[in-house]
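First comes the structure, then the notes that go with it.
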Amino acid sequence: MIFPNGPECFPSGMRIATDGEMRDLGRRLAKILRAGDLVILAGPLGAGKTTLVQGIGEGLGVRGPVTSPTFVIARVHPVLSGAGPALVHADAYRLGSISEVDDLDLDTDATAAVTVVEWGTGLAEGLAEDRLEISIQPDLTSEVRTVQLNGYGVRWNGLLADV
């Protein structure tokens, strides 16, 4: 990974070269995620969204395996031990409207879990006032992906820079 601001900072844009680095980023993010957090992931097919969530799941210590929930829409991964939050991993790829996201009742688990929604842009923002949006864009000529992190709301005000 290339960290222009040093290894302990989440710069606004990072270049990730391997799946292992994407999982490492997920594990780093897990250290600051807490129950009630909403993370919305955007990027094309194969960009590394599920790979990032696998790292988040490892970092949270949840029961796995964490796999793409495309055909089941949402999976709940309870924490293996301790009092940490569960992981709700949802995929909005096949959903066509905000009302279909509401029908999933993801907000019922929101206070006790970290909720990560792949393909959630334009659909999942209403699940929480504060959210972390992550965009993953592959480079057209290599395996490198550019990851952008954007926090919204009081919860994320300055948090990414302080890590």
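The values are calculated or read from the model by the stated rules, or taken from the named source; none is laboratory data. It should be emphasised that the depicted structure is a prediction, and the values quoted were computed from it without experimental measurement. As a convention, Cβ positions derive from the backbone with ideal geometry for all residues, glycine included, and neighbour counts pool all protein chains shown. Surface accessibility is based on the protein's heavy atoms, side chains included, excluding ligands, DNA and RNA. Shrake-Rupley method; radii C 1.70, N 1.55, O 1.52, S 1.80 Å.
Quick notes on this structure:
- Scoring 21-28, 150-157, 82-89 by mean Cβ neighbours within 10 Å over their residues and listing the highest first yields 21-28, 82-89, 150-157.
- For Asp37, nonlocal amide neighbours, meaning residues 5 or more places apart or on other chains whose placed amide H falls under 5 Å from its own, are Thr115.
- Ser135 accessible area, assembled protein chains, probe 1.4 Å, Å²: 40 Å²
- Oblate is the label for the range 114-163. Its Cα gyration tensor axes, ordered a ≥ b ≥ c, give a/c of at least 1.5 and b/c at or above a/b.
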